[in-house]
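Here's the structure we're looking at; comments come further down.
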Amino acid sequence: MTQRQAFVDLGASALDAIDGLVGATANAGQIAAIDTSEPTPTGQTGFVVRYTAIDNAGNAAYLNRTVRVVSPCETPSFLCPLPLVRAPTVCFLLPFSALRIPRFRHSR
């Protein structure tokens, strides 16, 4: 999932030996919680959406889909915050001179 793009649920289905293809439903609350405003931090799982398929006999199957949000920019670039730039996919590379590095003075 690309940062700042709307999540579109592609759905899921299960194949049952008797009923054939059985549609699965997703947890709507989990889908609503998917936030694409920032990339998923390194080491974190992302957003999990759980799907449930139930056949005519009442047997249930479950599937978890993990949604990770990635930046469209190559590291070390980043997307400029939206209030500063109207275009949602403008990548910037912060020049080293723009970094604020504290300077320490040694007293003797």
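The values are calculated or read from the model by the stated rules, or taken from the named source; none is laboratory data. Quick caveat: nothing in here was measured; it's all calculated off a predicted structure. Neighbour counts are summed over all protein chains in view; Cβ atoms, including those assigned to glycine, are modelled from backbone coordinates with ideal geometry.
Some points to look at:
- Residue, modelled with the highest pLDDT, within the stretch 66-77, restricted to residues that are crowded, with 16+ Cβ neighbours inside 10 Å and in contact with a strand residue (DSSP E or B) (Cβ under 7 Å, 6 or more places away or on another chain): Val67
- Of all the residues in the stretch 1-23, those that are of a type outside the set (Asp, Glu) and within 21 Å of the chain's Cα centre (by Cα) number 11.
- The set of residues in the stretch 1-20 that are of a type in the set (A, V, I, L, M), surrounded by 10 or more Cβ atoms within 10 Å (Cβ to Cβ) and within 30 Å of Asn56 (Cβ to Cβ) comprises Ala12, Ala14, Leu15.
- Any hit, the stretch 31-54, residues being assigned to a loop (DSSP other than H, G, I, E, B), surrounded by 17 or more Cβ atoms within 10 Å (Cβ to Cβ) and in contact with a strand residue (DSSP E or B) (Cβ under 6 Å, 6 or more places away or on another chain): yes
- In the stretch 7-36, the residues that are touching a residue at least 12 places away in the same chain (Cβ under 8 Å) and among the acidic types (Asp, Glu) form Cβ pairs under 9 Å with partners that are surrounded by 14 or more Cβ atoms within 10 Å (Cβ to Cβ) and part of a helix (DSSP H, G or I), at six or more places apart or across chains, as follows: Asp9/Ile31.
Residues are listed down the side, and each one gets a yes or a no for (1) small (Gly, Ala, Ser); (2) out of contact with any Leu (no Cβ under 8 Å at 6 or more places or on another chain):
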| site | (1), (2) |
| --- | --- |
| Gln5 | no, yes |
| Ala14 | yes, no |
| Gly43 | yes, yes |
| Phe47 | no, yes |
| Arg50 | no, no |
| Gly58 | yes, yes |
